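Where a number appears in this text, it was derived from the coordinates with a stated rule and is not lab data. Every value quoted in this text rests on a predicted model; they were computed, and no experiment measured them. As a convention, Cβ positions derive from the backbone with ideal geometry for all residues, glycine included, and neighbour counts pool all protein chains shown.
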Amino acid sequence: MELKSENRKTMKAIQQHEYGNPDVLKYEDAPLPEVKKGEVLIQVKAIGLNPPDWYLREGYKDLPPEWQPEVAFPIVLGTDIAGVITEIGEEVKDFTVGDEVYTMVRFPSYGDSKAYAEYVSVSADEIALKPKNIDFVEAAAAPMSLLTAWQFLIELGHDVQNPLQDNRHEPVPLEGKKVLINGAGGGVGHFMVQLAKWKGAQVIAVASGKQEAKLLELGADEFIDYTQQDADKTVTGQDLVIDCVGGPTTGRFLKTLKKGGSLFPVFPLGFDGRDEAEKLGVNVSATQVRSNGNQLEELAKLIDDNIIKVVIDSVFPFKDTKEAHRRAEQGHIQGKIALKI
């Protein structure tokens, strides 16, 4: 069954024909995607922005050359969308035309998700009905960040090995545990706070001072303004540290953990403290988020039950995507940046 997109063959998309700064993002015509077996076509109402968007826009310049993906220009960035199904492919049984849905499209992939567009084709096993109690903007802002928090803390949901470590990532029990979350005000961080509290942890949130009121509202038990206090020098005895900033500096949190504790760097690239972690008896583990419609369905229930709230930093018109990327470059993001079509 299908509702043709006004018999259009083209749509508007944000394309780039070279790597670079936000100015390479062009609002222009692109072919309407075809719907393959097992897929649906979604008319996009809103798009959520995530760090992989600007990493790819720049050409993953921080990755080692052998890890930098080869892509065919023009590319269309983005993974996170919310919208309405307008066409159903063969063998799709659980969705129908007119359903309001949200999804993280084909991640990880490099330019193949093509979510910065008016229409996106998506595998049916990657989508879920949109939470009823939030709008399209909030729904589009959730998938990657919320799935990242869920797969780190609650349920991995896949068996793909992280190439940066030998061990399979395993979430740890959180009830009654002391948990410090660095970068708690950002897209992933504010979901980490809520999920950890939901599971009964005692949470210290580390972020900039302007984030304090919102993070305490979301359930944090204690707040540390990193511009005023170094959490890694003053906090000890933690069961788990989640470093949502990650990178080469994440090792500074090893000494805040008790023996047998865990450090979860969301961005583990550059961490070289595994020998020190072994000496301290600390487990270091990370994973890469992957698309999962069943998990989004479960998360939609938590959103509708007001257990999880989506915080929006700012919303930009679709044609002004480059301005949204400039906002991202400014940093100190509270929650998520989104685009509205």
>> Using 0.36 nm times the number of residues separating LYS259 and LYS210, minus their current alpha carbon distance, what extension gain do you get?
In response: 14.4 nm
>> For LYS93, give me every one of the lysines with a C-alpha distance below 20 angstrom, ignoring sequence neighbours fewer than eight places off in its own chain.
In response: LYS4, LYS36, LYS37, LYS130
> Quick one: if the Förster radius is 22 Å, what FRET efficiency do GLN330 and GLN68 give, using the C-beta to C-beta distance and rounding to 0.05?
Replying inline: 0.30
> Rounded to the nearest 0.05, what FRET efficiency do GLN229 and TYR27 have when you use their Cβ-Cβ distance and R0 = 51 Å?
Replying inline: 0.75
>> If I stretch the segment between TYR19 and ASN133 completely, what's the gain in nm (0.36 nm per residue apart, minus their alpha carbon distance), one decimal?
In response: 37.2 nm
> At 25 °C and 0.890 mPa s, what whole-number value in µm²/s does Stokes-Einstein give for the translational diffusion of the range 233-315, with Rh from the Kirkwood sum over Cα pairs?
Replying inline: 166 µm²/s
> Where a ≥ b ≥ c are the square roots of the eigenvalues of the C-alpha gyration tensor, would you call the range 162-284 rounded, which needs a/c under 1.5, or, failing that, prolate if a/b is larger than b/c, or oblate?
Replying inline: prolate
> Taking the Cα centre of the range 162-284 as origin and charging only Cβ (+1 Lys, Arg; -1 Asp, Glu), how large is the dipole, in debye to the nearest 20?
Replying inline: 140 debye
> When a footprinting reagent is the concern and you count Cβ atoms within 10 Å, what order do SER145, SER314 take, fewest first?
Replying inline: SER314, SER145
> What's the tally of Lys pairs in the range 162-284 whose alpha-carbon atoms lie under 16 angstrom apart, where the two lysines are 8 or more places apart or on different chains?
Replying inline: 15
>> At a 10 angstrom cut-off on C-beta neighbours, averaged per residue, how do the peptides 56-67, 132-143 rank from highest to lowest?
In response: 132-143, 56-67
> So which residue, out of ASP320, ASP243, ASP94, gets the largest mean-square fluctuation from a GNM of the chain using Cα contacts under 10 Å as springs?
Replying inline: ASP94
>> Along the Cα→Cβ direction, 7 angstrom out, place labels at LYS36 and LYS199. What is the inter-label distance in nm?
In response: 3.4 nm
>> Pairwise over distinct Cα atoms, reciprocal of the mean inverse distance: report the Kirkwood radius of the range 50-118 in Å, one decimal place.
In response: 13.8 Å
> Hey, in the GNM for the chain with a 10 angstrom Cα cutoff, which one of MET192, MET11, MET104 fluctuates hardest?
Replying inline: MET11
> For the residues ILE85, ILE42, what sequence is obtained by ranking on other C-beta atoms within 10 Å, fewest first?
Replying inline: ILE85, ILE42
>> Which one, GLY83, GLY261, GLY200, has the greatest fluctuation when you compute a Gaussian network model over the chain with C-alpha springs under 10 angstrom?
In response: GLY200
> Summing -39500 (n - 2.57) over the DSSP H runs of n ≥ 4 in the chain and dividing by its residue number, what mean residue ellipticity at 222 nm do you reach, to the nearest 500 deg cm²/dmol?
Replying inline: -6000 deg cm²/dmol
>> As a test, work out the antiparallel percent of DSSP beta bridges whose residues both lie in the chain, rounded to the nearest 5.
In response: 60 percent
> So, by mean Cβ neighbours within 10 angstrom, what's the order for 229-242, 164-177, 22-35 with the highest one leading?
Replying inline: 229-242, 22-35, 164-177
>> Need the full-extension length gain, GLU175 to THR249, defined as separation in residues times 0.36 nm minus the C-alpha distance. One decimal, nm.
In response: 23.9 nm
